[in-house]
Amino acid sequence: MDRITMAVHGGAYDIPLDARDAHRRGCEAAVAAGYAVLERGGSALEAVEAAVIVLEDDPTFDAGRGSFLNEDGMVELDAGIMDGRNLDAGACAAVQEVRNPIVLARMLLESDHVLLVGAGADRYARDHGAPVCDQAWLVTDRERERWSSAQLGPTAARRWFDTVGAVARDRGGNLAAGTSTGGMPSKPRGRVGDAPLVGAGLYADDTQGAVSVTGWGEAFIRLVWAHRAALLAGAHGAEDGAVRALAILERLDARGGLIVVDPDGTASCRWNTPAMAFAIRGSDQPLTSGPA
Ligand code: ASP
């Protein structure tokens, strides 16, 4: 019963060779942060939040500072978190002045509501003490240059998935999942992807599994992908469940990847893109990470 497991991801796409070390190291730092929470008896929910904060604060990834810019050259962030114990969930979307959207999502999980968007969500963050920032702080030079040079046309943007996420199992056997993103490069203002949507970008149910995904959000919303992946983990275990979940994407010819932990605490990571950034560590699973 007391097996603990932590898994994180930092996107799945053709991660440039010169960015692979930073992706792997960022994931290893996040898994260490989450695992430390679990080791000292913290909950899966706390561990997921701690791990995602590390990934949001790392400008390597498309989450928090360093996220892709929308068509207006602005960062708009989405995040969601879910507790497998009681199916509590919290999420925010299209926020522009929140440093750690996963913290706001966690606050909303504790509230009477599940999802807040846009200016209302920014105001909620300010009013309730979530870490806020100026919009300008979220925008890095790298992303400003990428946006100005329009390196990514609409087709390429659908193959550039740098979202982050985490899943965990704590000593009590509880599961949790979280996902955080800046969405797609040059997305229309107000576009919301799968990441904050329960069942699409994340799902956690202690009796089935916990899942966080990355990839083409418009497909994952329609496929209700994370929920289906969690059910498959419950029925077949994390390893086989993740393989079966990936096969669901064929229907829409979608690209992406997922991390899964099942109720026993086995974690798995699968992707159908050229590479995926991830790290997994459990009391019964030595640290594995990628991309190589
Ligand atoms: N799934 C995210 C979205 O569509 C993108 C990603 O995974 O990087 O917003």
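The values are calculated or read from the model by the stated rules, or taken from the named source; none is laboratory data. This structure is a prediction, so every number in the text was calculated from the model and none was measured. Every residue, glycine as well, gets a Cβ built from its backbone with ideal geometry; the counts of neighbours run over all protein chains shown. Note: accessible area is taken over every heavy atom of the protein model, side chains too, but ligands, DNA and RNA are not part of it. Shrake-Rupley method; radii C 1.70, N 1.55, O 1.52, S 1.80 Å.
Before moving on, here are some points about what is shown:
- In terms of the mean number of neighbouring beta-carbon atoms within 10 Å, the peptides 183-192, 95-104, 208-217, 71-80 order highest first as 208-217, 95-104, 71-80, 183-192.
- All Cα pairs of the stretch 220-288, percent lying beyond 15 Å: 50
- Solvent accessible area, Å² - residue 161, 1.4 Å probe, full protein context: 10
- Of the listed residues 248, 53, 259, the order by accessible area with a 1.4 Å probe, largest first, is 53, 248, 259.
- With the convex hull of its Cα atoms as the shape, the stretch 23-105 has an orientation-averaged projected area of 5.6 nm².
- Taking all protein chains together, 54, 198 sort by accessible area into 198, 54, largest first [probe 1.4 Å].
- Over the chain: Rg over Rh, Cα atoms, Kirkwood Rh: 0.94
- Sulfur and carbon atoms: percent of accessible area, the stretch 158-292 [1.4 Å]: 51
- Accessible surface for the chain, divided over its residues, is 37 Å² per residue with a 1.4 Å probe.
- Average Cα contact separation per residue, the stretch 79-182, under 8 Å, 6 or more apart, as relative contact order %: 32
- Shown for the stretch 1-108: the carbon plus sulfur share of the solvent-accessible area, taken with all protein chains present and a 1.4 angstrom probe, equals 45%.
- Estimated [θ] at 222 nm from DSSP helical runs (n ≥ 4, -39500 (n - 2.57)) normalised by residues in the chain, nearest 500: -10500 deg cm²/dmol
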